[in-house]
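Chemist: Here it is, the structure, as structure tokens.
The values are calculated or read from the model by the stated rules, or taken from the named source; none is laboratory data. What you see is a predicted model; the values in this text were computed from it and never measured. With ideal geometry, Cβ positions are generated from the backbone for all residues, glycine too; neighbour counts draw on all protein chains shown.
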Amino acid sequence: MPPRRRGRFAPSPTGPLHLGSLLAAVGSYLDARAAGGDWLVRIEDVDRARESPGAADRILRTLEDFGLDWDGPVLRQSTRDAAYEAALARLAREDLVYYCSCTRAEIASAAAEARIATAPAARQRGVPPDAAEVRYPGRCRSGPARPGSRLAVRFRTVDFPAVTVVDRLQSALHQEVGATVGDFVLKRRDGFYAYQLAVVVDDAEQGITDVVRGLDLYDNTPRQRLLQAALGAPEPTYLHLPLVLEGTGAKLSKSHRALPADPAQAPLLLSTVLGWLRHPPPAVLRSAPVREQLAWAVDAWDIKLLQGVTSISAKE
Ligand code: GLU
């Protein structure tokens, strides 16, 4: 018998819940409940610098107002340092991590030099590097370049084969992590643990069998697969949901307050989000209480209805 399905919603408390995040919450809730499974909530507050005061509690209240009742206690990543440190120690014993002193500026300029040296057109034009897309060149792999400074911890990707992630909805994703992103950060120079490490350690701790989240996180999944393998953690299945785009084509972001999940309008907004998920409630239910709409959607849930949908316009 397959294990009981266990899903989760894992918001970062950087601001109030907006409709794009609500879609991920509703999708993961329906997917777990339709299989008779559990649905957990985890507050991803590893990055305390990006946290907005009071946002975590407000997000939890909003979930309640939308009828999204979770199982068990809420796990907060800010309480999990010991577990992340234990995972790093395990990786260190296998020589899968190393200390790195590189700053963002150093990495960007090393990448620029490499790119200008390898691309004649860029060399002629002196093209600046695309800092956001920089692959870590492995400068500290055999020891930190500046040992006395603050150090990050990076995962050594070199010995790992390419990863293929099979998604329940999207086409498979094939990635050579070492060649694409390089040795990625597990603990930052400022002392905070990185999302990639925390998400893998916590999905394992909470026994998550099915990760359901937004498509913007799909290309993080190969890194998470590598960490699961290295830590001997179970491998959940993945379902990446279409992104909600603003009229302009930009992703609805948390910093964008245009479409907050306003509890005062919960029935109307929930039926909109169910429509985006290609499960529009029948007309008689459209302004029904949220729990009635959700009960209908749990019965109706069928991810095949989302096949081929990669983005949703917020105007729909
Ligand atoms: N905390 C992440 C976010 O809010 C989601 C992480 C995940 O679902 O894996 O974007």
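Chemist: Residues being aliphatic (A, V, I, L, M) and more than 10 Å from the ligand (Cβ to nearest atom): count how many of those fall in region 192-219.
Modeler: 5
Chemist: Now a separate question. When only residues in region 3-12 that are within 9 Å of the ligand (Cβ to nearest atom) and in a loop (DSSP other than H, G, I, E, B) count, which is surrounded by the fewest Cβ atoms within 10 Å (Cβ to Cβ)?
Modeler: Per the stated criteria, the residue is S12.
Chemist: Filtering region 117-136 down to residues that are at pLDDT below 90 and within 21 Å of L197 (Cβ to Cβ), which residue is surrounded by the most Cβ atoms within 10 Å (Cβ to Cβ)?
Modeler: Ranking the candidates gives V134 first.
Let's see how each residue does on (1) under 26 Å from W296 (Cα atoms); (2) at pLDDT 95 or above; (3) surrounded by fewer than 13 Cβ atoms within 10 Å (Cβ to Cβ):
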| site | (1), (2), (3) |
| --- | --- |
| A35 | yes, yes, no |
| S52 | no, no, no |
| A56 | no, yes, no |
| F66 | yes, yes, no |
| R80 | no, yes, no |
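Chemist: Determine whether region 207-221 contains at least one residue that is assigned to a loop (DSSP other than H, G, I, E, B), crowded, with 19+ Cβ neighbours inside 10 Å and in contact (Cβ under 8 Å) with a residue 60 or more places away in the chain.
Modeler: The answer is yes; a qualifying residue exists.
Residues checked against (1) modelled with pLDDT under 95; (2) in contact with a His (Cβ under 7 Å, 6 or more places away or on another chain); (3) among the aliphatic types (A, V, I, L, M):
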| site | (1), (2), (3) |
| --- | --- |
| L173 | no, no, yes |
| D183 | no, no, no |
| K187 | no, no, no |
| V199 | no, no, yes |
| T209 | no, no, no |
| R213 | no, yes, no |
| P222 | no, no, no |
| R225 | no, no, no |
| A230 | no, no, yes |
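Chemist: Mind listing whichever residues of region 206-248 are in contact with a helix residue (DSSP H, G or I) (Cβ under 8 Å, 6 or more places away or on another chain) and more than 29 Å from R278 (Cβ to Cβ)?
Modeler: R223, L226, L227, Q228, A230, L231, A233, P234
Chemist: For region 222-248, give me the residue count where each residue is within 12 Å of the ligand (Cβ to nearest atom), in a helix (DSSP H, G or I) and not basic (K, R).
Modeler: 1
Chemist: Residues in region 308-315: is at least one part of a loop (DSSP other than H, G, I, E, B), free of Cβ contacts under 8 Å to residues at least 60 places away in the same chain and surrounded by fewer than 18 Cβ atoms within 10 Å (Cβ to Cβ)?
Modeler: yes
Chemist: Right, another one. Within region 178-188, identify whether any single residue is among the charged types (D, E, K, R) and out of contact with any strand residue (DSSP E or B) (no Cβ under 7 Å at 6 or more places or on another chain), and answer yes or no.
Modeler: Checking region 178-188: not a single residue is among the charged types (D, E, K, R) and out of contact with any strand residue (DSSP E or B) (no Cβ under 7 Å at 6 or more places or on another chain).
Chemist: Part of a loop (DSSP other than H, G, I, E, B), touching a helix residue (DSSP H, G or I) at 6+ places or on another chain (Cβ under 7 Å), on the phi < 0 side of the Ramachandran plot and not aromatic (F, W, Y): is that true of L23 in this structure?
Modeler: No; evaluated as a whole, the condition is false for this residue.
Chemist: Continuing with this model, one more query. Could you please give the count of residues in region 155-204 that are within 21 Å of P234 (Cα to Cα) and assigned to a helix (DSSP H, G or I)?
Modeler: Residues in region 155-204 being within 21 Å of P234 (Cα to Cα) and assigned to a helix (DSSP H, G or I): 11 in total.
Chemist: A32: within 25 Å of V185 (Cα to Cα) and assigned to a helix (DSSP H, G or I), yes or no?
Modeler: No.
Chemist: So Y99 fits all but one of (1) touching a Phe, Trp or Tyr at 6+ places or on another chain (Cβ under 9 Å); (2) part of a strand (DSSP E or B); (3) away from the ligand (no atom under 16 Å from the Cβ); what number is the exception?
Modeler: For Y99, the exception is condition (1).
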